[in-house]
Amino acid sequence: IGYPVMLKAVGGGGGIGMQACFGPDDLRSAYERVLRLASANFSSSGVFLERFVAHARHIEVQVFGDGHGRTLSLGTRDCSLQRRNQKVVEEAPAPNLPDEIVEQLLSSSRALADSVHYRSAGTVEFVYDIDRGEASFLEMNTRLQVEHPVTEEVTGVDLVEWMLRLARGETDMLDALPDTGPAISGHAVEARVYAEDPGHDYRPSAGLLTQVEFPAHTRIETWVDTGTEVSSFYDPMLAKVIAWGADRQQA
């Protein structure tokens, strides 16, 4: 595949265990480092190589399966705005993609989930190569994602409710819908709020929250309030701020 390549830990996640390598020397020096990271953080120390896409967009498809071979797709998300390979801003639907690419992503995601009789909510992730105009499969997350609210805002679906109803044996909320799911309405953007210090290279910042305020006109998902003590033992995400608009600019 040639250089550059991305070296990845098989069991990786959250941007941990990834290293871009632009030549043989980079690859040699990064290999042992990624191996150590993998061994320290994940159950598997395996690593693999794939093409590094320099001008990439991170595109996702939300799916929901009934466990009997039928899967709905609920549109796309763009999660390209990242820091240290960790998502910071996400939006739905993914803007400015060719129609044929969108259709390819939706249909291939449904086919993937159908093939294993996938049950409940899941996310199929892709890397879209802007220069080549090609989308490549990245991974499937077999769970509800942090960024699921933007999909809920543009589809009117409560994915958590769907998961609970399916667990109870109900599938009628899927029966009346086409495979492409409910119609997409408007645009939604989510921003993650992190306990990090931008003045010191965004290092984690633990301590007391002396004042917490959120805007009233947006959807807020959070666990913090004024007086919350943020420890250093957990993920630094404090809140998600989600806004819907009739179009992307308004959102």
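Taking (1) at positive phi; (2) crowded, with 22+ Cβ neighbours inside 10 Å in turn, residue 117 satisfies each apart from (2).
Name every residue in the stretch 71-93 that is within 18 Å of residue 141 (Cα to Cα) and either free of Cβ contacts under 8 Å to residues at least 24 places away in the same chain or not in a strand (DSSP E or B) (or both), in order of residue number. Passing the criteria: 78, 85. In the set (1) under 13 Å from the mean Cα position of the chain (by Cα); (2) over 28 Å from residue 237 (Cβ atoms); (3) of a type in the set (Lys, Arg), residue 87 fails one condition alone, (2). Can you find, within the stretch 191-243, the residue that is modelled with the lowest pLDDT among those that are assigned to a loop (DSSP other than H, G, I, E, B) and under 18 Å from the mean Cα position of the chain (by Cα)? Across the stretch 191-243, the extreme among qualifying residues is 235.
Scoring residue 96 on the criteria (1) crowded, with 17+ Cβ neighbours inside 10 Å; (2) of a type in the set (S, T, N, Q); (3) over 17 Å from the mean Cα position of the chain (by Cα) leaves a single failure, condition (1). Pairs are defined by a Cβ separation below 8 Å, a sequence spacing of at least 6 or placement on different chains, a first member in the stretch 154-166 that is in contact (Cβ under 8 Å) with a residue 60 or more places away in the chain and more than 28 Å from residue 248 (Cα to Cα), and a second member that is hydroxyl-bearing (Ser, Thr, Tyr) and open to solvent by 20 Å² or more (accessible area, probe 1.4 Å); the pairs so defined are 166/120. Annotation note: of 131, 201, 172, the sole residue that is closer than 18 Å to residue 97 by Cβ and either of a type in the set (Gly, Ala, Ser) or surrounded by fewer than 11 Cβ atoms within 10 Å (Cβ to Cβ) (or both) is 131.
Considering the stretch 216-231 alone, what residues qualify as being open to solvent by 60 Å² or more (accessible area, probe 1.4 Å), out of contact with any Ser or Thr (no Cβ under 9 Å at 6 or more places or on another chain) and without any contact (Cβ under 8 Å) to a residue 40 or more places away in the chain? Give the derivation first.
First, pick out the residues of the stretch 216-231 that are open to solvent by 60 Å² or more (accessible area, probe 1.4 Å): 216-217, 219, 222-223, 225-226, 229.
Of the ones still in play, those that are also out of contact with any Ser or Thr (no Cβ under 9 Å at 6 or more places or on another chain) are 216-217, 219, 222-223, 225, 229.
Answer for the stretch 216-231, where residues must be open to solvent by 60 Å² or more (accessible area, probe 1.4 Å), out of contact with any Ser or Thr (no Cβ under 9 Å at 6 or more places or on another chain) and without any contact (Cβ under 8 Å) to a residue 40 or more places away in the chain: 216, 217, 222, 223, 225, 229.
Applying the criterion of being among the acidic types (Asp, Glu) and in contact (Cβ under 8 Å) with a residue 12 or more places away in the chain to the residues of the stretch 30-70, the residue that is farthest from residue 165 (Cα to Cα) is 50. Inclusion of residue 53 among residues that are of a type in the set (Val, Ile, Thr) and within 15 Å of residue 148 (Cα to Cα) is not warranted.
The values are calculated or read from the model by the stated rules, or taken from the named source; none is laboratory data. The shown structure was predicted, so the numbers you read here are calculated from the model rather than taken from an experiment. All Cβ positions, even for glycine, are placed from backbone atoms using ideal geometry, and neighbour counts span all protein chains on display. Only protein heavy atoms, including side chains, enter the accessible area calculation; ligands, DNA and RNA are left aside. Shrake-Rupley method; radii C 1.70, N 1.55, O 1.52, S 1.80 Å.
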